[in-house]
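First comes the structure, then the notes that go with it.
The values are calculated or read from the model by the stated rules, or taken from the named source; none is laboratory data. Model, not experiment: these values are computed from the prediction. Glycine gets a Cβ as well: all are built from the backbone with ideal geometry, and neighbour counts include every protein chain shown.
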Amino acid sequence: MNRREWLAMAGALGLSPALGSAAQAAESDPTAARDAYLYALPLIEMATTRARLLKSPGAAVNTLTHTRTLSDHNARWVTTPNNDTLYSSAFLDLTQGPATLTIPPLGKRYYSVAVMDMFTNNNVVLSTRTVGGEGGTFTLVGPGQASSGPNPTRIATPHAWLLIRTLTDGGEDLAAAHKAQDAFRVKGAAGSPIAAHAARDAKPADYFATARALLASDPAPSTDLRILKRTAAFLGAGPFDEDAAAKGVQQARMITLLAQGRQTFINGWSYPRPNLGDYGQDYIYRAIVALQGLGALPVAEALYMKAAGEDGAGTFTGDGPYRLIMPAQLPLEGFWSLSMYEATRDGQFFFTDNPIHRYTIGDRTQGLKRNADGTLDVWIGRADPGGDKTANWLPAPQSGPFALFLRAYLPKAEMLDGRFRVPAVVKV
């Protein structure tokens, strides 16, 4: 929905352009505050990431910046990064017209270009799977805009995040991977400077003020009008009860922190919902992913699985050792990797420093010792397991809770529909 359509619909509903006043259907109780916080959290996280990345040297709107090394324990710019691909990123401003994206020919090297609207939906994923190795030129078109450019692709909000993943094995392959990164192109005229904003841990009044500003610059889809009308006291012109806001925000934060405890684990792993990356009205799930895995790809591109842990809710607290017996082959067209993260108090995950500088084990990891039948015993724990097991050791943090995520890129149907399940991680 473009801004003109939003203004017309808001007027018909008696709402202000900023999403409404305390109209007759609006509520100013803790439940409405809770829902307003969760609804706006993806916008807040996107704005926080945008502000952080635009502070990087050479960064600008509609301009690609590149990470030149694989993510390690120093990478804190986004939660749950991978250690398989180099990232390239551009925050888009389409208010002055479309932007042009050029994908170079990359042959057999895996890549993906995800363009996410400000609500964290993947509006398009251009990748090895969807485009192929020949590349191409694509026109990214904002709401209500016309375009005569090649391969027009509609983006749902005037601002968006373009995130590129380029596969590399590191080491001697980095130079070729850098060349591939440099061949991507983004071109577009930027609009107004990005305003300051509050983060997710801000006071409720500041949080909701930022949410209103973000919704004014990137209007919500018409499908969200019901929740927006009900939460208009917080996401619209107000006024709202500050005590109710504080209670509701506290409830919302608890929901995001306790989210893993309500997930269903199958054989010791949680699997994403089919709507990952394109959430519709699944606002709570969208908020949880924005906090724990911002920028997640749709399941057809990458399947993200999380080990249940000892608490049954997704984290480990023991010293180990633990063992995961990976099959010789997984049903996928791409590759897999198992990553170790330290778990923070606010529900995010980052790589942890360790003596062998290993953050991931996967089917491309050099020096692993496989069993005679091709299976792989992955040893997980805070201490080196010793002997031949060291080759397959995935180090855990020296202290504190940790989490294990398994990524399967380009999964086949049997992984997506549940015919294949990953073996459980077990304490030895």
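Quick notes
- Hey, D346 closer than 25 Å to L257 by Cβ, charged (D, E, K, R), modelled with pLDDT under 95 and not in a strand (DSSP E or B) or not: yes
- Count - residues of the stretch 328-382 that are farther than 23 Å from G171 by Cα, out of contact with any Gly (no Cβ under 8 Å at 6 or more places or on another chain) and of a type in the set (G, A, S): 3
- Subset tally (residues that are in a loop (DSSP other than H, G, I, E, B), basic (K, R) and within 25 Å of T85 (Cα to Cα)) for the stretch 364-408: 3
Residue by residue, here is whether (1) in contact (Cβ under 8 Å) with a residue 60 or more places away in the chain; (2) among the hydroxyl-bearing types (S, T, Y); (3) assigned by TED's automatic domain parsing to the domain that holds D346; (4) assigned to a loop (DSSP other than H, G, I, E, B) holds:
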{"position": "A51", "(1), (2), (3), (4)": "yes, no, no, no"}
{"position": "P57", "(1), (2), (3), (4)": "no, no, no, yes"}
{"position": "R68", "(1), (2), (3), (4)": "yes, no, no, yes"}
{"position": "S71", "(1), (2), (3), (4)": "yes, yes, no, yes"}
{"position": "A75", "(1), (2), (3), (4)": "yes, no, no, yes"}
{"position": "N82", "(1), (2), (3), (4)": "yes, no, no, yes"}
{"position": "S89", "(1), (2), (3), (4)": "yes, yes, no, no"}
{"position": "G97", "(1), (2), (3), (4)": "yes, no, no, yes"}
{"position": "T100", "(1), (2), (3), (4)": "yes, yes, no, no"}
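- If you filter the stretch 102-118 down to residues that are touching a Lys or Arg at 6+ places or on another chain (Cβ under 7 Å) and crowded, with 22+ Cβ neighbours inside 10 Å, you find that the one that is farthest from V141 (Cα to Cα) is Y111.
- Members of the stretch 307-331 that are buried (at least 19 other Cβ atoms within 10 Å of the Cβ), among the aliphatic types (A, V, I, L, M) and outside any loop (DSSP other than H, G, I, E, B): A307, L324, M326
- Checked against (1) modelled with pLDDT of 95 or more; (2) over 21 Å from the mean Cα position of the chain (by Cα), A211 meets all criteria but (2).
- The set of residues from the stretch 253-296 being surrounded by fewer than 20 Cβ atoms within 10 Å (Cβ to Cβ), over 20 Å from A308 (Cα atoms) and of a type in the set (K, R) comprises just one member, R253.
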